[in-house]
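Step one of this worksheet: look at the structure below.
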Amino acid sequence: MPAKLSIVIPTLAAEVTLPRVFAALMEGLPTGLIREVIVTDGGSGDRTLDIAEEAGAVVLQGSPSRGGQLRRGCAVARGEWILILHADTVLDAGWSEVVSDHIASSERAAVFRLAFAARGLGPAWVAGWANLRTRFLGLPYGDQGLLIRSEDYEAAGGYPDQPLMEDVHLVRALPAPPVLLPSGAVTGADRYLRDGWFGRGARNLWTLLRYFGGVSPERLARAYRR
């Protein structure tokens, strides 16, 4: 029986973080959980593609829009389930057992508990809010990963080809919000360390509210990256 899980990772200049992401995924190979890892790149000029190919990943290349990159990657995924991970999100040890148990017992989409690669009150506050938002509002972000059945992904219309809020668009189209898995995902904190934890957190919330208010993802992306 083929392994059930395809893992899709969008990348852009991810040579620093990608090796740690791959290292954490290795525990899913001996158990026969992982069918393939698909790296969908947006034009990296560093060693990202070399690292992906050395790890045995399927490599796709195209324009640098995270929604479009994810759409391309998920389109070729062959697993019954897809796990979408950002290129700076490292899963906690034991994740493969948690995912295997979820796949065996549920059809719901699921995400991981968020943590940041940083210490202090700011990281704890932002991660705690994200996990509460996921539990009570059913609104996770992409840096928590997304585990979803392929047929549910297709039924929801998949990721839109847009540069921001592609994760929010998809989870809002699901018949039920994702559940929170009893396992963590540690994501990069570069933007927060640069902009400040509370400042970046407030900016993210304002971006989300503007998206709900109808502002285009392209306009939001330009403001988000300034």
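The values are calculated or read from the model by the stated rules, or taken from the named source; none is laboratory data. Fair warning: this is a prediction, and the values are worked out from it, not measured in the lab. Neighbour counts run over all protein chains shown; Cβ positions are idealised from the backbone, glycine included. For accessibility, only protein heavy atoms count, side chains too; no ligands or nucleic acids. Shrake-Rupley method; radii C 1.70, N 1.55, O 1.52, S 1.80 Å.
Data table
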read-out: Cβ-based charge dipole, region 5-193, positive-most Cα from Val171, Thr17, Ala93; value: Val171
read-out: Relative contact order, percent, region 5-193 [alpha-carbon distance under 8 Å, six or more residues apart]; value: 27 percent
read-out: Per residue accessible area in Å² of region 5-193, where ligands, DNA and RNA are left out and the probe is 1.4 Å; value: 43 Å²
read-out: Mean shadow area of the chain over all directions, Cα convex hull, nm²; value: 11.6 nm²
read-out: Alpha-carbon centroid distance for the pair region 37-57 / region 103-150, whole angstrom; value: 25 Å
read-out: Contour excess over end-to-end distance, with Cα ends at Arg108 and Gln61 and 0.36 nm allotted per residue; value: 13.9 nm
read-out: Dipole magnitude (debye, nearest 20) for the chain, charges at Cβ of Lys, Arg, Asp, Glu; value: 1000 debye
read-out: Additional length obtainable on full extension of the chain from Ala93 to Asp195, 0.36 nm per residue less Cα span; value: 33.7 nm
